[in-house]
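Worksheet: one structure, shown below.
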Amino acid sequence: MSFCRTLTAIVLLLSICATYAQNYTGKRVFYVNSYHTGYPASDKTFAAIKQTIGSQGIVFRKIEMDSKRNPDEAFIKKAAVEAKKAIQAFKPDVVILSDDNAAKYLLMPYFRDAELPFVFCCVNWDASVYGLPYQNATGMVEVVLVGELLKQLKKYAKGDRIGFIGGDRYSEHRNREYYEKRFDIRFEKTYFAKRFSEWKDYFARLQNEVDILVMTNHTGIIGWNDEDANDFVQEHIKIPVGTEHEWEMPRALIGVAKDFQEMGTWAADTALKILDGVPPSQIPVTANKKSRLYFNRRIAKILGIEKVPPLAVIVD
């Protein structure tokens, strides 16, 4: 009798699992990437989304706005219109979008409080600047663990003057604004570079103007060359440089890098919840929490630094 009950329970469990697995068959999910294939953050986010929903029987499509390489507002607005048309033609059950430009130029003007549900991820710092969340939209904002980054950099600094350098892009201006606002940081010097030649000039200046340098994303800087940048930094670096991006580590001493897989996985899991019938309005907006500490041994040797932070991933 006990065996029969056990067998019945197993059969029932398998039946429930099979039914659950089939719930998504034929469902349609559309993904809007603000940027482009080849941009490391986008690639990691998209890989996590695909890994999570790829075996669920879901019909999946994506579109790229390519707004990191093309920051002109007219271009972005046109890309948003094309994304809107693609969504309307595909007729998805839920849309996932990543990064600010898709939120600002697509979701906010065309789908705010519409019937179609949206999940956003990688929107920098504060989604409320776009009026989010909406009745039909929830997501995960992207924040930088700046406090930890500065804590690590100060261990190797000879003073407390902080500098900032990044590409002259909307997202980098927002990053600097929120570094100051959220963490009460005063930047002694700030430079935004449009061209690679400008970036090199600014980087060299900062070695004598500040004691610590926060270096953000170079993507979109015209004429950028990784190999040339690595050689230039190696020749000119005098102070500890930190970054929030793993791909900037060849030019930095310390990195406290965000986990874009966390953001993509959360977005995909949330899309599945919505397909299960949970309204976006019942799913609170959250923020990323995971990061990884990196230490560049080659840069450390140039600066005469020997002490490695505990638990750091070593790069050369």
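Looking only at the chain, where both bridge partners belong to it, what percent of the DSSP beta bridges are antiparallel (to the nearest 5)? Within the chain, antiparallel bridges account for around 10 percent of the total. Among the DSSP helices (H) of the chain, those spanning at least 27 angstrom by Cα along their long axis with an average Kyte-Doolittle hydropathy of -0.5 or more are 2-22; this is a geometric and hydropathy rule only. Taking the DSSP beta bridges with both ends in the stretch 130-252, the antiparallel portion is around 5 percent.
Taking Cα centroids, how far is the stretch 157-183 from the stretch 280-310 in Å? Between the Cα centre of the stretch 157-183 and that of the stretch 280-310, the gap is 16 Å.
A simple packing score, the average count of other Cβ atoms within 10 Å per residue, orders the peptides 72-79, 198-205, 181-188 as 198-205, 72-79, 181-188, with the highest score first. With helices as the sole contributors, the chain gives -12500 deg cm²/dmol at 222 nm; each DSSP H run of n ≥ 4 counts as -39500 (n - 2.57), and the sum is divided by every residue.
Mean sequence separation of contacting Cα pairs (under 8 Å, at least six apart), scaled by the length of the stretch 165-268, corresponds to a relative contact order of 24 percent. Once the chain from F183 to K155 is taken as fully extended at 0.36 nm per residue, the excess over their C-alpha distance is 8.3 nm. Using 0.36 nm per residue and subtracting the Cα-Cα separation, the extra length available between K289 and D72 on full extension is 74.9 nm.
Taking amide H as placed 1.01 Å from N in the peptide plane, the amide H of W125 sits under 5 Å from that of E142, V143, each at least 5 places away or on another chain. Over the chain, Cα pairs under 8 Å with separation of 6+ residues give a relative contact order of 18 percent. When the inverse distances between all different Cα atoms of the stretch 256-316 are averaged and flipped, the Kirkwood radius reads 14.5 angstrom. Close amide-amide hydrogen proximity is noted between V315 and F295, N296, R297, each under 5 Å apart and 5 or more residues distant or on a separate chain (H modeled in the peptide plane; Pro and chain starts excluded).
Amide H contacts of L97: V32, V119, F120, C121, each under 5 Å away and 5 or more positions distant or on a separate chain (H built 1.01 Å from N in the peptide plane; Pro and chain starts excluded). Radius of gyration (Cα atoms) of the chain, expressed as a multiple of 2.2 N^0.38 Å: 1.14. Phi-derived couplings, Karplus 6.51 cos²θ - 1.76 cosθ + 1.60 at θ = phi - 60°, listed residue by residue for the stretch 126-132: 8, 6, 5, 5, 9, x, 6 Hz, with x used for Gly and Pro.
At the listed q of 0.11, 0.17, 0.18, 0.21 Å⁻¹, the Debye profile of the stretch 34-183, built from one uniform point per Cα, gives log10 I(q)/I(0) equal to -0.49, -1.04, -1.15, -1.47.
Here the Karplus relation 6.51 cos²θ - 1.76 cosθ + 1.60, evaluated at θ = phi - 60°, turns the backbone of the stretch 305-316 into coupling constants of 9, 10, 6, 9, x, x, 6, 6, 7, 8, 10, 10 Hz, with x for every Gly and Pro. The phi-based Karplus calculation (6.51 cos²θ - 1.76 cosθ + 1.60; θ = phi - 60°) puts the 3J(HN,Hα) values of the stretch 286-291 at 10, 9, 5, 10, 8, 8 Hz, whole numbers, x for Gly and Pro. Stokes-Einstein diffusion for the stretch 112-229, with the hydrodynamic radius set to the Kirkwood value over Cα pairs and evaluated at 37 °C in a medium of 0.692 mPa s, equals 204 µm²/s.
Read the figures in this text as sums done on the coordinates, not as results from a lab. Quantities reported herein were computed from a predicted structural model and do not represent experimental measurements. No Cβ is skipped: glycine too gets one built from the backbone with ideal geometry, and neighbour counts run over all protein chains shown.
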